[in-house]
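The structure appears right after this line, and notes come after that.
The values are calculated or read from the model by the stated rules, or taken from the named source; none is laboratory data. Computed from a predicted structure; not experimentally measured. Here Cβ is always computed from backbone atoms with ideal geometry, including for glycine, and neighbour counts include all displayed protein chains.
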Amino acid sequence: MSTSTARQIAQEDLVQSITDALQIISYCHPPDFVQALRRAHDAETHAPARAAMAQLLINSRLSYYGKRPLCQDTGVVQVFVRLGAEVQWIRRDGQRLQSLQALVNSAVHAAYTDPANPLRASMVQDPLGTRGNTRDNTPGIVQVELTDGDALEVLVVAKGGGGDVKARFATLNPSDSVVDWVLAQLPGMGAGWCPPGILGIGIGGSPEQAMLLAKQSLFTPIDMDLVRERGATNPEETLRLELHERVNALGIGAQGLGGVTTVLDVKVATAPCHAATIPVALVPNCAATRYLRFTLDGSGPAKLALPPPAIWDGIPERFDSPEALRVNLDTLGAIEVASWRTGQTLLLSGKVLTGRDAAHKRLTDLLAAGKPLPVNLRGRVIYYVGPVDAVAGEAVGPAGPTTATRMDKFVDTLLAQTGLLAMIGKAERGTTAIAAIKQHGAAYLMAVGGAAYLLSKAITHAKVLAFDDLGMEAIHEFELKDFPVTVAVDSTGRSIHQHISLHPSH
């Protein structure tokens, strides 16, 4: 085919379209996800899980109208490109053509450093060495499929770390049960992937192809209600229906708090495989589901429209819990902490410290060396969070909790040597952390993962106290006003999440 009839697409249009898509998906859920979450909330009878889903819905509404991120983990950028073999790239600016990787990186840089809605940079380089933050969330992850014709189709995803870290893979024998394998994975995955969400199952191909099938299956419309109503029409849908029913029967529930809905949908994608194997991959998508598709035809950047606001009609603007106990962190003491009981809703006001992995490592290293800490932890509460940068009018950007189990190995040291009273994070704690909490009469409080913008509204002031070089992982002091949490582990060591690992069938 002569180049005169090839479809010409300007590389600048691809960069602008990806940039725009990344901004939109940072604050706008897909409509089908909001609708599915609303149905799950309305059907939920377990109070803690219902409250968690209410916060996710309120957060979704606030983010849509405020154009600020749904979650403080604004994701690793993953761009899936279906590139027609007849597409001809051009540059309007007269510069040399660039690789797709370079184009994606330009878009990621522009989107994540946008002053109107800055997004958190989570990517680090030199993963076995300095692990220095790239500061603009580059590089993006690019997958390219060369297709027939002259179409350019792009899927832009911002995938949070809490979901991908729970991914699983196995090569099964042809006689093994895929259902049994998937069900065996769920209790060990815990709640760090922020359910309710979607499970993607990839079956067949090679190991890496199965993982890619699982991930890409997540970014299709939620249609489980339709499939349940009309019945399965192929083996993939039969598997989806069985897994949806049996995963939800595990009782893990929203945020691992128990309840009837752990997954809103289960997606299954398959490919031919070797006769002696069944490669199977599982990738979950969290409550911060973020993706967008577009096509380019050479006429300019993609025209990306927001969903109609009616999707969020009826969802309140604030979370209210009449039975919640109000707590003043500035006068908090061990006796009050000991009075809390697992499952209680607390509304926290007063000053709280923040700290994640890097800060915890530095604190414990200083303690081991007999050196003074840069902050006094006695009588304090620490929040596991790495916030998004603030914009005008905000004390802090979206500031939701990170997975608490990553800090488990530091808990005993800090409780024993600093006088720390309590911790705030997301999902469950491990057995060693729970034992330390019980031994020292402390508590672990759970904030809702995926409700970062809602939670940031309860932060009235923020300042950095230590380790400024760590960026979003520096130790901040936040001042809170009615910040909602659930007592997840009380001072007696009773955990609201223990049913995940101890009683996975209930």
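Of the residues GLY425, GLY449, GLY430, GLY471, which single one is at positive phi and not acidic (Asp, Glu)?
GLY471
Within the range 80-92, can one find any residue that is among the polar types (S, T, N, Q), at pLDDT below 95 and over 24 Å from the mean Cα position of the chain (by Cα)? Scanning the range 80-92, I find no residue that is among the polar types (S, T, N, Q), at pLDDT below 95 and over 24 Å from the mean Cα position of the chain (by Cα), so the answer is no. Just give me the residues in the range 13-66 being closer than 30 Å to HIS497 by Cα, modelled with pLDDT of 95 or more and among the β-branched types (Val, Ile, Thr), in sequence order. VAL34, ILE58, listed by residue number. Within the range 283-300, being on the phi < 0 side of the Ramachandran plot and surrounded by fewer than 24 Cβ atoms within 10 Å (Cβ to Cβ) holds for TYR291, LEU292, ARG293, PHE294, THR295, LEU296, ASP297, SER299. If I filter the range 282-294 for residues that are at pLDDT below 95, assigned to a loop (DSSP other than H, G, I, E, B), among the small types (Gly, Ala, Ser) and under 29 Å from THR238 (Cβ atoms), do I get at least one hit? Among the residues of the range 282-294, at least one is at pLDDT below 95, assigned to a loop (DSSP other than H, G, I, E, B), among the small types (Gly, Ala, Ser) and under 29 Å from THR238 (Cβ atoms), which makes the answer yes.
For the range 54-61, the criterion of a residue being over 23 Å from LEU347 (Cβ atoms) and in contact with a Pro (Cβ under 8 Å, 6 or more places away or on another chain) is satisfied by no position.
Let's see how each residue does on (1) touching a residue at least 60 places away in the same chain (Cβ under 8 Å); (2) in contact with a Pro (Cβ under 6 Å, 6 or more places away or on another chain):
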{"position": "ARG246", "(1), (2)": "yes, no"}
{"position": "VAL260", "(1), (2)": "yes, no"}
{"position": "THR270", "(1), (2)": "yes, no"}
{"position": "ALA275", "(1), (2)": "yes, no"}
{"position": "PRO279", "(1), (2)": "yes, yes"}
{"position": "LEU282", "(1), (2)": "yes, no"}
{"position": "LEU292", "(1), (2)": "yes, no"}
{"position": "LYS303", "(1), (2)": "no, no"}
{"position": "GLY314", "(1), (2)": "no, no"}
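Within the range 306-363, restricting attention to residues that are out of contact with any strand residue (DSSP E or B) (no Cβ under 8 Å at 6 or more places or on another chain) and at pLDDT below 95, the residue that is farthest from LEU420 (Cα to Cα) is GLU317. Among the residues in the range 205-227, are any surrounded by fewer than 19 Cβ atoms within 10 Å (Cβ to Cβ) and at pLDDT below 95? No, the range 205-227 contains no residue that is surrounded by fewer than 19 Cβ atoms within 10 Å (Cβ to Cβ) and at pLDDT below 95.
Among the listed residues LEU329, LEU348, LEU241, LEU257, identify the single one that is of a type outside the set (Phe, Trp, Tyr), farther than 30 Å from ILE18 by Cα and touching a Phe, Trp or Tyr at 6+ places or on another chain (Cβ under 7 Å).
Going through LEU329, LEU348, LEU241, LEU257 in turn, just one is of a type outside the set (Phe, Trp, Tyr), farther than 30 Å from ILE18 by Cα and touching a Phe, Trp or Tyr at 6+ places or on another chain (Cβ under 7 Å): LEU348.
Annotation: LEU119 fulfils all but one of (1) touching a residue at least 24 places away in the same chain (Cβ under 8 Å); (2) under 22 Å from GLY300 (Cβ atoms); the unmet one is (2).
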